[in-house]
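Following: one structure in structure tokens, then a few remarks.
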Amino acid sequence: MDETGFWEIIDSTRDAAGGDPEAHADLLVERLAELDPEAVADYARHFESRFGRAYRWDVWGAAWVLLGDAGDAAFENFRCWLISQGRHVFEGTLHEPDALAELLGPEGFDRRADGDAEDVGYAAYDAYDRLTGAELPDLGLPDPPREPEGVPVDFADAEAMAAAYPRLWALALSLIH
């Protein structure tokens, strides 16, 4: 499976799920279970590679602003959600995390429903198990770094966060009013 095929699966299942992360995860498992085990492993490599690429302080700051708080687990779930939004949103956010405010489109962001797609991150593992009755083998990817890439952000400093993420900050304020 190439990168285009990976994003096609993400996009088609997200669209069919109507934006519901749980339905999206279920549809991903169903779609992946239609493939052969090696294609599922390829999909998993693409997913895990992007999951690792998003392990950055500036992306974590964007998650923190949108969610109002984002510990380790919340940031992992946010990265799954970010990938689930498709190539345009994912790559655009990695290019400029504050641009996520515009990349979300007219639907915006719903703190109750968005930002958490943990099950999307397990879809390949579940599909592989369904196909083979076994765990997904080692993907051959490098170990993730211990710390996010980039310069740490002081999440507790509201002024610094507002300055670093002005568009996301304005969006987040609109979500609580």
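The values are calculated or read from the model by the stated rules, or taken from the named source; none is laboratory data. Everything numeric here is computed off the predicted structure, so don't read it as measured data. Note that we place each Cβ from the backbone using ideal geometry, even for glycine, and neighbour counts take in every protein chain shown. Accessible surface areas use protein heavy atoms only, side chains included; no ligands, DNA or RNA. Shrake-Rupley method; radii C 1.70, N 1.55, O 1.52, S 1.80 Å.
Amide H to amide H, with H built 1.01 Å from N, residue 149 comes under 5 Å of 56, 57, counting only residues 5 or more places away or on other chains. Scanning residues 5 or more positions from residue 115 or on other chains, none has an amide H under 5 Å from its amide H, with H placed 1.01 Å from N in the peptide plane.
Residues in the stretch 22-177 average 52 Å² of solvent-accessible surface per residue, probe 1.4 Å, ligands and nucleic acids excluded.
What shape does the stretch 2-57 have by the C-alpha gyration tensor, where a ≥ b ≥ c are the square roots of the eigenvalues, rounded means a/c under 1.5, and otherwise prolate means a/b greater than b/c and oblate the rest? It comes out oblate by the Cα gyration axes.
Compared with the alpha-carbon gap, the fully stretched path from residue 160 to residue 129 is longer by 6.7 nm at 0.36 nm per residue. As a fraction of the 1.4 Å probe accessible area of the chain, surface on carbon and sulfur atoms comes out at 50 percent. Protection proxy ranking of 8-21, 138-151, by the mean of other Cβ atoms within 10 Å over each peptide's residues and highest first, is 8-21, 138-151. Summed over qualifying helices (DSSP H, 4 residues or more, each -39500 (n - 2.57)) and divided by its residue number, the chain shows a 222 nm mean residue ellipticity of -19500 deg cm²/dmol. When both the stretch 1-52 and the stretch 85-101 are represented by their alpha-carbon centers, they are found 18 Å apart. Size descriptor for the stretch 3-175, Kirkwood hydrodynamic radius: 16.5 Å (Cα pairs only, one decimal).
When only Cα pairs below 8 angstrom with a gap of at least 6 residues are kept, the stretch 3-175 shows a relative contact order of 33 percent.
For the stretch 76-144, the set of GluC sites (Glu not before Pro) satisfying both a DSSP loop assignment and a count of at most 10 other C-beta atoms within 10 Å is given as 107, 135.
For the pair residue 15 and residue 49 in one chain, pulling the backbone fully straight at 0.36 nm per residue adds 10.0 nm over the alpha carbon distance.
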